[in-house]
Amino acid sequence: MTIVNRQSNPLLTGANGRTSVCDMSKYDLNNLIQSHAVVSLPTCPSVFLLLVEVLENPDNAGNKLNEVLSSDQAFCSQVLRLANSAAFGCERQVASIEDAVLRIGYQNIWTMAVAIKTKEILEPSSGGWMDVNDQMWWHAFKTAIFARFIGKQINPSMASVFFTSGLLHDLGKWIMLKIVPNYLTICDNGRVFGPPLIAMEQANLGTNHANIGGDMINYWRLPELIEKLVRGHHDYAPGTFGVMDAQYVVPMADEMAHFLGDATQDFGADAEVIFPRTMLERSLMSTRAVEMMLAEFQRLRDALNKSRNPG
C-alpha cells in the first residue's frame, strides 16, 4: 500500500467510514508521509486476517487453523519447524499441522503462527533490520504473552484478542520509523517510552504512535476491539477505568514488559524478586501465574529464535 494522494488516503477516513483521530492532528499521517516523499506502508497478509478470523469460531478453531496454515506451504513448514523445536519437548517429529495441534496444542500453534506473520508485516522494506527493530519486536512479543495472561483474569474467552492487541500495540512506532527521519532521535533509540514518549511525539509531530497504530488496524479491517486496545494503550491512568475493564490489559502488560527490560536475556521465574509487590498486585495474577507467564515467554522466545537460527 503506497499513499500519495491526500484525498484518497484510507488511513484518514477509515476503511469502514470511522473518523481517524489523526484528522485533528497538527500533522496527520498523510501529511507526515507527503512531507517525506512516497512511503510504502506495511500491508496485512491475507493469512494474518484468516488467523484472526479463526478466533471467531472457537468450536472449530483447530480445523480452521489447519486449513489456513496448510494453504501456504512455506508458512506451514515454518510453523512445523517451530513445533518440532526442543522448546515443546516432542518425543517424535510432527509432520502435519493437524498432528502438531494434537501434540502441543492449538494455542501454541496459533501463537507461533500469528507471531511469524506479524514479524513479516513489520520487516523493514529495505531489509535493514536494526537493533532497535529487534528491541521493539521482542518487546511486542513479550507484551503479547503478558496481555494474554493478564487478560485471562478479566475474560478468558478474549485471551487471544488480548495477545494480538499486545503484539500490535506499538505498530505506530514501526510506521514512525518509516516516515519520520528523526524518530530514533525523538525516542532516543527506544529508551524513551510510555507517557513521556507520547508527549514528545505530540510536541514534535502533532500525533502519536498509538493513534497511528489504531489507524493502520482500522485500515486493515481487523476487529474494532483490537483497534480500541491499540489506540488506547497509553490512555490508562488510575481511575480512568476499572481494573476489570478490557482496556486495562494492554497498558498493564506493556508496563510489566518495559519493567522487565531486555527480552533476549534469561531473567528467571521468581516473580517476587523480578517485580515490585505493587505491580504484582495490579497485574491481577497470583505469584504462581506470573511465574508461569515468565516461563511461557522464555519458552516461546527460545522456540522462535531456534526456528530463525536452526542448527
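Express in nm, to one decimal, how much length is gained between Asp99 and Thr43 on full extension, taking 0.36 nm for each residue of separation and deducting their alpha carbon distance. Please report the intermediate quantities before stating the final value.
Details: separation 56, 0.36 × 56 = 20.16 nm, distance 3.08 nm.
Additional length available on full extension: 17.1 nm.
Which ordering of Leu82, Leu229 is given by a fewest-first count of other beta-carbon atoms within 10 Å?
Leu82, Leu229
When Lys and Arg each count +1 and Asp and Glu each count -1, what net charge do the other residues less than 11 Å away from Lys64, Cβ to Cβ, add up to?
-4
Which of Met285, Met176, Met130 has the fewest other C-beta atoms within 10 Å, and how do the rest follow up to the most?
Fewest to most other Cβ atoms nearby, the residues stand as Met130, Met285, Met176.
Under the 0.36 nm per residue contour assumption, what length would be gained going from the current alpha-carbon distance of Glu272 and Met130 to full extension?
Numbers: separation 142, 0.36 × 142 = 51.12 nm, distance 3.34 nm.
Full-extension gain reported as 47.8 nm.
With each label point set 7 Å from Cα along the Cα-Cβ vector, what nm distance links Glu123 and Arg299?
2.8
Strictly over 21 Å apart at the Cα level, which of Lys142/Lys173; Lys178/Lys228; Lys119/Lys306 would you flag in this model?
Listed pairs above 21 Å: Lys178/Lys228.
Counting pairwise Cα distances across the stretch 44-122, what percent come out greater than 20 angstrom? Let's see the in-between values first.
On the way: 750 of 3081 pairs.
Value for the stretch 44-122 (Cα pairs over 20 Å): 24 percent.
Extending each Cα 7 Å along its Cβ direction at Glu281 and Ala203, get the distance between those two points in nm, one decimal.
3.3
If you plug each phi of the stretch 107-117 into the Karplus form 6.51 cos²θ - 1.76 cosθ + 1.60 with θ = phi - 60°, what whole-Hz ³J(HN,Hα) values come out, in order, with x for Gly and Pro?
4, 4, 5, 4, 4, 5, 5, 5, 4, 4, 5
Values quoted throughout were computed directly from the atomic coordinates according to the rules given, and no laboratory measurement underlies them. Note that the coordinates shown come from a computational prediction; the quantities given were computed from them, not determined experimentally. Note: ideal-geometry Cβ built from the backbone for every residue, glycine included; neighbour counts use all protein chains shown.
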